[in-house]
1. For the list (1) within 16 Å of ligand 2 (Cβ to nearest atom); (2) closer than 14 Å to residue 464 by Cβ; (3) not in a strand (DSSP E or B), I need the number of the one condition that residue 448 fails.
2. Would it be correct to say that residue 402 is within 16 Å of ligand 2 (Cβ to nearest atom) and either surrounded by fewer than 17 Cβ atoms within 10 Å (Cβ to Cβ) or without any contact (Cβ under 8 Å) to a residue 12 or more places away in the chain (or both)?
3. When the residues of the range 3-45 are narrowed to those that are touching a helix residue (DSSP H, G or I) at 6+ places or on another chain (Cβ under 6 Å) and in a loop (DSSP other than H, G, I, E, B), which ends up farthest from residue 64 (Cα to Cα)?
4. What's the total number of residues in the range 269-288 that are exposed (fewer than 14 other Cβ atoms within 10 Å of the Cβ) and either in a helix (DSSP H, G or I) or at negative phi (or both)?
5. Does residue 140 count as surrounded by fewer than 18 Cβ atoms within 10 Å (Cβ to Cβ), at pLDDT 85 or above and under 30 Å from the mean Cα position of the chain (by Cα)?
6. Looking at the range 155-166, I want the residues that are within 13 Å of residue 538 (Cα to Cα) and have a partner that is assigned to a helix (DSSP H, G or I) and at pLDDT 90 or above with Cβ atoms under 6 Å, at least 6 apart or on another chain. Which pairs are those?
7. Cβ-Cβ distance below 8 Å, separation of 6 or more or different chains: which pairs start in the range 407-427 with a residue that is more than 13 Å from residue 371 (Cα to Cα) and not assigned by TED's automatic domain parsing to the domain that holds residue 376 and end on one that is more than 15 Å from ligand 2 (Cβ to nearest atom) and part of a strand (DSSP E or B)?
8. If we scan the range 364-383, do we find a residue that is within 30 Å of residue 307 (Cβ to Cβ), assigned by TED's automatic domain parsing to the domain that holds residue 560 and not in a loop (DSSP other than H, G, I, E, B)?
Ligand SMILES: [Zn+2]
Ligand SMILES: [Zn+2]
């Protein structure tokens, strides 16, 4: 699918126009188109062939023409034109989280800064703080943004990589005779961002297998094609390596290539103390191979229980495995409901009925409709009257359906002064109240923490959504004392969300681990805006597993009866 490439182009286009100080409406039109196309579940190429591009919300005649041009020629002439006047280094500066094209234009024009290195130097010398709209806080934010950018490098979000990989593996299996096939590396560990993907397979004819791999329709570029290893680039710039390994060492290779590096170094140290050696070929005592066919053998020979890949970060899991005390991690099949879904009543695209049917099809017992609240006008927030109407609609649907309970909920905004966007007497009527912050991200730590604490103190609030507000691709977390938030959540019995939306994953793995240790309950919500996004529950479960969570830690593994008791009792 070319959707993501086109969305990125439009986003860049908007950045450059904004940098040049052009018409705001034009800029917003490109941003909106980028967002809609990025979220689109249908293949944009297919829509173009069917002549239905204009049916996409936010795609007018001009945008549709440009999409068509890109699909047919591989470029957009208007983009190339606008692009010409903006040096690469300035474009790179615009990708710094918290920076944006307007600020880049400002520092470029007034201070002559034209690269990230120059910007960093200027910030450190305090040269930015006196510019209009700047200040010490803003300087700090820019430094953090630079750090975040460097850290993310060329990595891509897990939730972007998984659908690409699934499609490729399915197509590859149709074309090649392989017995075992598993991705290794950070993808198997379900890290929130991943670099290259390593796939390990076993099979008889290595050369044939690699040939089938490099001939996949998704291949954009072949980097290597040998007898045991092939390497390709697929859309999105993702590199995928395929290794054909002998059956007798498949387990050892899988263990080796899964990592993490720190985990494997620790294992090798243990092996050494026992007079053993481990490598991608097996586990050895002296020259004698004592295991490697199955991954479990590596761990067993070292006197350890097999460790789930999501835990392999050398954060204490090896000691637990030695004592036989590993947690029993939650699994996707334990999930009984999704606790954060938007419908077309606010900025989602599915009807409540469609959501209910899709949730039932996934085997859920319940699904919570949590549309935005009134002050979030840009996201179609519901007035009090509309929310009451929606509750009525949900009541009617529940009478009609069997096998799924639709819970009437809201994602009520925690306003900048800490108050909630609906009165208590309305919140009281809802089944589920999810509260979250969507504005005032730049407030000082005490202020944001206080907003969250006061929401936690409200007896009607059941869950705090995306507690840190970060976006993996573009926004660092706001400043907040999570320790205070976790302690308060444990005290009030309010749950903290693991938002499973691919760009959020908020709380992240280490935070949800800490929250559970402090006695807080957690819940997973996809924040899906259409039914095609309900699959992201898988990402939320991965975060929970990386945070060592068990079934009992998560509200939405509970039966609908137990969940209702929680809602009325906490
Ligand atoms: Zn939200
Ligand atoms: Zn939401």
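The values are calculated or read from the model by the stated rules, or taken from the named source; none is laboratory data. The structure presented is a predicted model; accordingly, all values stated were derived computationally and were not measured. With ideal geometry, Cβ positions are generated from the backbone for all residues, glycine too; neighbour counts draw on all protein chains shown.
1. (1)
2. Details: within 16 Å of ligand 2 (Cβ to nearest atom): no; either surrounded by fewer than 17 Cβ atoms within 10 Å (Cβ to Cβ) or without any contact (Cβ under 8 Å) to a residue 12 or more places away in the chain (or both): yes.
Answer is no for this residue.
3. Only one residue tops the list, namely 41.
4. Residues of the range 269-288 exposed (fewer than 14 other Cβ atoms within 10 Å of the Cβ): 269, 272-275, 286-288.
Those left that are additionally either in a helix (DSSP H, G or I) or at negative phi (or both): 269, 272-274, 287-288.
Looking only at that region, the number is 6.
5. On the way: surrounded by fewer than 18 Cβ atoms within 10 Å (Cβ to Cβ): yes; at pLDDT 85 or above: no; under 30 Å from the mean Cα position of the chain (by Cα): yes.
Judged against the criteria, residue 140 is not a match.
6. These pairs meet every condition: 159/539.
7. none
8. Within the range 364-383, the first condition is being within 30 Å of residue 307 (Cβ to Cβ), and the residues that meet it are 364.
Narrowing the set further to residues that are assigned by TED's automatic domain parsing to the domain that holds residue 560 leaves 364.
From the residues that got through so far, the ones that are not in a loop (DSSP other than H, G, I, E, B) too are none.
Taking every residue of the range 364-383 in turn, none turns out to be within 30 Å of residue 307 (Cβ to Cβ), assigned by TED's automatic domain parsing to the domain that holds residue 560 and not in a loop (DSSP other than H, G, I, E, B).
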